[in-house]
Amino acid sequence: VLGFLAFFAGPLLFSFYVSFTSWDGLTDIEWIGLDNYARIFGLQFTTVGDGQAVTEVLKQNYQELIRWGDFIIAARDRLFWVGLRNILVFSVTAVPLAVFPALVLAAFLNQKLPGVKFFRAVYFIPAVAGVVGISLIWKQLYNATVGFINYGFVRLWDLINLLPGADFTAPQPEWLSNARVTLFSVVIVFAWQAVGFNTVLFLAGMQGISGSLYEAASIDGAGAWSKFWRITVPMLRPTTLFVVATTTILALQLFNELFILFAPQQQPSGPNNSTLTPVVQLYQEGFQRFNQGFASALAWVLFAIIFAITILYFRRQREDVAA
Amino acid sequence: MNTANAPTKTRAQQRAARKARSGEVTSIWSKVGIYVVLTVVAAMMLFPFIFMLGTSAKTSADSFRFPPRILPRDPVIGEFNGEQVPLYVISIEGSEQQTALVEEGIRAGLFALSDDPTDTYAWPLDRVEATGTTVDYVIEGETESLEVFRVPIDGEIVELPKIRNTSVGRFVDVDDPSAEGFGVVRTSQPVEDISFHWSNYSEVLDIRSFDRAITNTILVTILVVAGQLFTSIMGGYAFARLKWTGRDRLFVAYLGSIMIPFVVLIIPLFQIMVRLDWNNTLGVLVWPFFYTAYGTFLMRQFFLSIPKDLEEAAVVDGAKRWRILWTIFVPLSWPAIATLATFSFLYAWNSFIWPLVAVDVGNEDSSVLTIALSTLGGQGADQPQLIFAGVTLAMLVPMLVFVAAQKYFVENVASSGLK
């Protein structure tokens, strides 16, 4: 209990207080009220006329964020919005990739075929291996010139080109330096690591489903496919909710993979800020520029987002129990 | 329906029903399909680790070779006329021979064999004869006028245009020194054999900071696991069995704290550590993680499921709470304790962001494995084999723990997470 107060409740309150200050962590704290939050959320909607420079219409310190024709949305802290967009794109791609395959794999593993335990253990390995080591391995696999993945593409396209009339050049993406693919490269690493853990969670959920349900369905003549969709998936709803919620919360805090994949040649924010995430921004503001007040505010905004998802999860879960 | 078939059909249906209990598929093709998918996914999961193991035993040059290979290979050195020379496979007189490279840097011409400028043949200039004529040849869309030479190929003399000058090596058949051939050394195929350079491992351990980081990580992990187990068992017992004011309210607060991401706490924790002057010490990696809301929750749930009769009997015997906890509750809770221990272990062993901010980059004395690997990944970018040897070492312990605890871990993690 004492530990709870010392290392949890206390820091939490302190962090909340700091988020209203401008503080570099060393000198005196200066109370600036809501300004950190105003900086994060500061947006300006405006239009730019003919022959007018964009900078003329923007408020001081504001930077252009999006532009449709003459209409401009500018932000006081452009990077926050870039990070928010990146993490949303990341979560929307990575979470399904880490959840759907896990569901299918769990359904296969649930067939009680020989060797299932072996596969289950293999799928779990990435979850215990540690994200730093894994990112180092993938960094080498992603190498654009001597990496295995691009070499695999060459070989695969060689196969495709055996088809009559086919003559394609294998794509050789620069996984870690082309700003348009970097985020997706991280999605692959994340999903690859998360899918095994989720499989095990799904499998546990499936083993809790009563066998009599399947039996009844078989007597009604249901095939494996319809049994999966009509019994397994609906009965797994609590597990699915849990898996989606935890994976999303994990995805929103993306940092370690970025730090390893892009260091040391690049910042964890990747080329052209293509992999800037809220936690990366928090790290850069709080521990590289020592704007600890602003970084605390960032942390609270991130927490608010995660908290909203958690509440949503609990509400859904309660509805399910009630229904 | 044919009545004669009816009994067998019923039996088949029974069999199907039995299988259906667990939602199993029955057809042999579905089974084959399932195994194919499971195996492909398993290959995808294992490949990066196999690649890691292979690369960790390569030489530096081998790990940058294209096309990449899994197994480490070394060029074979042979003896020729009492000298150590590298061996290559070269075509001599139309047949592939194992040869020794005896001379390098011979001035040679690169001759075009066909209209394709990449289809070439290299031969020393002092062994060809100019015809004095030229021919038009298209290279990358531009027509050039090239000199034509008489070039011996496999014993025949062929007239070929010379694209440019190059340099070749002289290769001599190991078994028959009179047979010789020429070729561009860089593109020749060296004779290689598979050899594992396990010395990479001792080399990476010789890096002082890495060696120190392993010790630190082990120390930190043991302390964190022990601390978390202790506080979780105590806290879990307090929440499950003791009655005190505010207990349930505090428990809700505990539960809520599970949801709070660690990043929210990084800055205040860092500030506290700076105030206490604890940053840059190993303690900074241990103390904040002594308590775990998740562990307390897990232990409380498990303790609640232990029947009260057991301890009441002990209380009648006059046993103290402390003794009841350690002699009755703890031995009964092994599955939960093992799960929690594995979880804490993986968390402590693999934690990255907190050591990154709490310990200065240059501070090797308090560095941990994850940080050491990250640094190595940066500094040793030209030595992937060392990085991978380090990664393998760092993964070894979690893997062993996983194998040992799999029985508890995989089965209990899942169910406990869902409660």
| said: Going by average Cβ density within 10 Å per residue, which order do the peptides B:382-388, B:77-83 take, highest to lowest? | reply: B:382-388, B:77-83
| task | Sum up the charges of everything whose Cβ sits under 14 Å from the Cβ of B:Ile233, counting Lys and Arg as +1 and Asp and Glu as -1, but leave B:Ile233 out. | result | +4
| Mean Cβ neighbour count within 10 Å, used as a protection proxy, ranking A:138-144, B:252-258, B:215-221, B:304-310 highest first | A:138-144, B:215-221, B:252-258, B:304-310
| request: Would you mind pulling out the separation of the Cα centroids of the range B:274-300 and the range A:252-323, in Å? | output: 22 Å
| request: Using only alpha carbon pairs under 8 Å that are at least six residues apart, calculate the relative contact order of the range A:56-211 and give it in whole percent. | output: 30 percent
| Taking Cα centroids, how far is the range A:143-172 from the range B:90-155 in Å? | 30 Å
| said: Take B:Phe80 and A:Gln317, extend 7 Å from each Cα along the Cα→Cβ direction, and tell me the distance between the two endpoints in nm. | reply: 7.2 nm
| field | Cβ neighbours within 10 Å from other chains - mean over A:196-206 | value | 3
| Percent RCO, i.e. relative contact order, over chain B, from Cα pairs under 8 Å lying at least 6 residues apart | 17 percent
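Please arrange B:Lys243, B:Lys162, B:Lys320, B:Lys31 by counting, for each residue, the other beta carbons lying within 10 Å of its beta carbon, fewest first. Numbers along the way, then the final one.
On the way: B:Lys243 6, B:Lys162 24, B:Lys320 10, B:Lys31 15.
Ordered from fewest to most neighbouring Cβ atoms within 10 Å, B:Lys243, B:Lys162, B:Lys320, B:Lys31 come out as B:Lys243, B:Lys320, B:Lys31, B:Lys162.
What order, most packed first, do the peptides A:70-77, B:120-127, B:148-155, A:251-258 have when packing is the mean number of other Cβ atoms within 10 Å of each residue?
Values: A:70-77: 18.0, B:120-127: 16.4, B:148-155: 14.5, A:251-258: 22.0.
Top to bottom by mean Cβ count within 10 Å: A:251-258, A:70-77, B:120-127, B:148-155.
Rounded, prolate or oblate: which fits the range B:268-325, taking a ≥ b ≥ c as square roots of the Cα gyration tensor eigenvalues, rounded meaning a/c under 1.5, else prolate when a/b beats b/c?
Details: a/c = 5.39, a/b = 2.80, b/c = 1.93.
Taking the square roots of the gyration eigenvalues as a ≥ b ≥ c, the range B:268-325 is prolate.
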| In debye to the nearest 20, how big a dipole does chain B give about its Cα centre with +1 on each Lys and Arg Cβ and -1 on each Asp and Glu Cβ? | 4840 debye
| field | Per-residue [θ]222 nm for the protein assembly as shown (sum of -39500 (n - 2.57) over DSSP H runs n ≥ 4, rounded to 500) | value | -17500 deg cm²/dmol
| task | Select from chain B the helices, each a whole stretch of DSSP H, whose alpha-carbon atoms run 30 Å or more along the helix axis and whose Kyte-Doolittle mean is at least 0.0; answer none if there are none. | result | B:28-55, B:208-240, B:384-418
| request: Within 10 Å of each Cβ in peptide B:44-50, how many partner chain Cβ atoms are there on average? Round it to a whole number, please. | output: 6
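Throughout, read-outs are computed from the coordinates displayed, never taken from laboratory work. All figures in this text were calculated on a predicted structure; none of them were measured in a lab. All Cβ positions, glycine included, derive from the backbone under ideal geometry; neighbour counts span all protein chains shown.
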